[in-house]
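Participant: Before anything else, here's the structure in question.
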Amino acid sequence: MHDPLTVALEIRYPWLAHSKAERLANQSEFTQTWRAPFITIWHLDPEKDGSDDSCDWSNQKGKLNAKEKAVAVAVMDLEDILDNGPHYPDSQEHKAWQPLHGAILDLLRKPSRTHWWQVHPRWHIWHWSIQIHPYQQARRWLLTRCSKCGDRFAYGESPVTGNWNSKPPRWFRGEEGLYHEHCHLNKVSNTKDCARSSWKGPND
């Protein structure tokens, strides 16, 4: 999935997200320890090289020499052949190719940050996009309407969208292209049938 957003930092609520009764009923580590985020700071990659990781988050996109570039092109050609039908997923050729494929990719991964002053993209504050969760939930509850039925969303409800390229909403405007889950999946036409009538909030 092509997505230029990566979580850089999170500020979480000091209290646990699950109630004492929920923690007694479910002993998983997630239920026992998870605290919901209050603020999420995203790194929004500028996609300067055409990919969603032009800032090289994993520090594996160092410059290749001419021979390494030729190997990379040959690997891509082999990927087109051996990682697609009729070889994918069960042919002997495809299975034999996987260890070599992984080893070559490991050899081609070179660090792009080799000096102390080259900071990790997490600290590219000029690429930060700050998400304040209580504000987002309040704005969605007050201003956003379902694009199918026109009704509002319950506070804390997670809407559904099929649009990955939507623009951020303007000040004091609701978000566009969001649906109740029931409206989106079942294409209902009756407003009373929308998911809000049956959705339960996080505290219900």
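Participant: In segment 1-51, how many are surrounded by fewer than 11 Cβ atoms within 10 Å (Cβ to Cβ) and closer than 15 Å to His133 by Cβ?
Facilitator: 2
Participant: What's the number of the condition Leu185 fails, among (1) modelled with pLDDT of 75 or more; (2) outside any helix (DSSP H, G or I); (3) under 28 Å from Pro4 (Cβ atoms)?
Facilitator: (2)
Participant: Residues of segment 1-28 being among the hydroxyl-bearing types (Ser, Thr, Tyr), without any contact (Cβ under 8 Å) to a residue 60 or more places away in the chain and touching a Phe, Trp or Tyr at 6+ places or on another chain (Cβ under 9 Å), which ones? Write out each step before concluding.
Facilitator: Residues of segment 1-28 among the hydroxyl-bearing types (Ser, Thr, Tyr): 6, 13, 19, 28.
Checking the rest, the ones that are also without any contact (Cβ under 8 Å) to a residue 60 or more places away in the chain come to 13, 19, 28.
Listed by number, the list holds a single entry, Tyr13.
Participant: A further question follows. Quick check on Gln136: is it under 18 Å from Tyr179 (Cβ atoms), at pLDDT 85 or above, out of contact with any Gly (no Cβ under 6 Å at 6 or more places or on another chain) and surrounded by fewer than 16 Cβ atoms within 10 Å (Cβ to Cβ)?
Facilitator: yes
Participant: Looking at (1) surrounded by 13 or more Cβ atoms within 10 Å (Cβ to Cβ); (2) under 21 Å from Asp53 (Cα atoms); (3) free of Cβ contacts under 8 Å to residues at least 40 places away in the same chain, which one does His115 not meet, given that it meets all the others?
Facilitator: (1)
Participant: Among the residues of segment 73-97 satisfying the criterion of being closer than 20 Å to Leu107 by Cα and of a type in the set (Val, Ile, Thr), which is surrounded by the most Cβ atoms within 10 Å (Cβ to Cβ)?
Facilitator: Within segment 73-97, the match that is surrounded by the most Cβ atoms within 10 Å (Cβ to Cβ) is Val75.
Participant: Another question, then. Any chance segment 157-177 includes a residue that's over 27 Å from Thr6 (Cβ atoms) and part of a loop (DSSP other than H, G, I, E, B)?
Facilitator: First pass over segment 157-177, keeping only residues over 27 Å from Thr6 (Cβ atoms): 172.
Going one step further and asking which of them are part of a loop (DSSP other than H, G, I, E, B), we end up with 172.
Yes, the conditions are met somewhere in segment 157-177.
Participant: Mind telling me which of the residues Arg140, Arg122 ends up being at negative phi, in contact (Cβ under 8 Å) with a residue 40 or more places away in the chain and either in the same structural domain as Ala8 (by TED's automatic domain parsing) or charged (D, E, K, R) (or both)?
Facilitator: Arg122
Participant: If Pro99 satisfies every condition in (1) modelled with pLDDT of 85 or more; (2) in a loop (DSSP other than H, G, I, E, B) but one, which is the exception?
Facilitator: It fails just one condition, (2).
Participant: Kindly check whether there is at least one residue in segment 146-154 that is among the hydrophobic types (A, V, I, L, M, F, W, C), surrounded by 15 or more Cβ atoms within 10 Å (Cβ to Cβ), part of a loop (DSSP other than H, G, I, E, B) and in contact with a His (Cβ under 6 Å, 6 or more places away or on another chain).
Facilitator: Quick first cut of segment 146-154, residues among the hydrophobic types (A, V, I, L, M, F, W, C) only: 146, 149, 153-154.
When the remaining residues are screened for being surrounded by 15 or more Cβ atoms within 10 Å (Cβ to Cβ), the result is 146, 149, 153-154.
Those left that are additionally part of a loop (DSSP other than H, G, I, E, B): 146, 149, 153-154.
Keeping just the survivors that are in contact with a His (Cβ under 6 Å, 6 or more places away or on another chain) gives 146.
Scanning segment 146-154 turns up at least one residue that is among the hydrophobic types (A, V, I, L, M, F, W, C), surrounded by 15 or more Cβ atoms within 10 Å (Cβ to Cβ), part of a loop (DSSP other than H, G, I, E, B) and in contact with a His (Cβ under 6 Å, 6 or more places away or on another chain).
Participant: Yes or no: segment 72-87 includes at least one residue that is assigned to a strand (DSSP E or B) and in contact with a helix residue (DSSP H, G or I) (Cβ under 6 Å, 6 or more places away or on another chain).
Facilitator: no
Participant: Quick check on Asp56: is it modelled with pLDDT of 90 or more, closer than 30 Å to Ile132 by Cβ, of a type outside the set (Val, Ile, Thr) and surrounded by 12 or more Cβ atoms within 10 Å (Cβ to Cβ)?
Facilitator: So Asp56 passes the test.
Participant: Please work out which one of (1) in the same structural domain as Ile125 (by TED's automatic domain parsing); (2) under 30 Å from Asn165 (Cα atoms); (3) over 16 Å from the mean Cα position of the chain (by Cα) is the condition Met76 fails and give its number.
Facilitator: Among (1) in the same structural domain as Ile125 (by TED's automatic domain parsing); (2) under 30 Å from Asn165 (Cα atoms); (3) over 16 Å from the mean Cα position of the chain (by Cα), the lone unmet condition for Met76 is (1).
The values are calculated or read from the model by the stated rules, or taken from the named source; none is laboratory data. Only a predicted model underlies this, so the values are computations on that prediction, with no experimental measurement involved. As a convention, Cβ positions derive from the backbone with ideal geometry for all residues, glycine included, and neighbour counts pool all protein chains shown.
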